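Before any comments, here is the structure.
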Amino acid sequence: MPSAKKKTRKYSKGTQTEVRREMNRVKKGTAKSGKGHAKVKSKKQAIAIALSKARKEGKKVPKKSSSKMKAKK
């Protein structure tokens with residue numbers, strides 16, 4: 001029986017550099033989020049911010065999963 005091909009998410013080089021930049025900001029302590037400009041402390045939050053910025057710029061980023069979209073409402 002042939003093995004099923006696993007689908008992997010594909011991110012553009014620009015998206016990868018955006019995530020790298022945001023992670024460096026977190027390490028330096030200069031990363032801010034939201035309207036109140038709260039300090040970013042978690043790596044997950046930094047990645048979410050970077051992917052959001054990449055989406056706004058039109059870079060290749062997979063859509064948000066439907067389960068996360070439902071939880072947001």
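Any read-out appearing in this document is the output of simple, stated calculations on the displayed coordinates, not a laboratory observation. Here the structure is a predicted model, which is why all the values come from computation and not from measurement. Positions of Cβ are generated from backbone atoms using ideal geometry, with glycine treated the same way; all protein chains shown enter the neighbour counts.
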Matching residues in segment 38-65 - criterion: being out of contact with any Leu (no Cβ under 7 Å at 6 or more places or on another chain), assigned to a loop (DSSP other than H, G, I, E, B) and surrounded by 15 or more Cβ atoms within 10 Å (Cβ to Cβ) | 40, 59
In segment 26-67, what residues are in contact (Cβ under 8 Å) with a residue 24 or more places away in the chain and out of contact with any helix residue (DSSP H, G or I) (no Cβ under 8 Å at 6 or more places or on another chain)?
-> 62
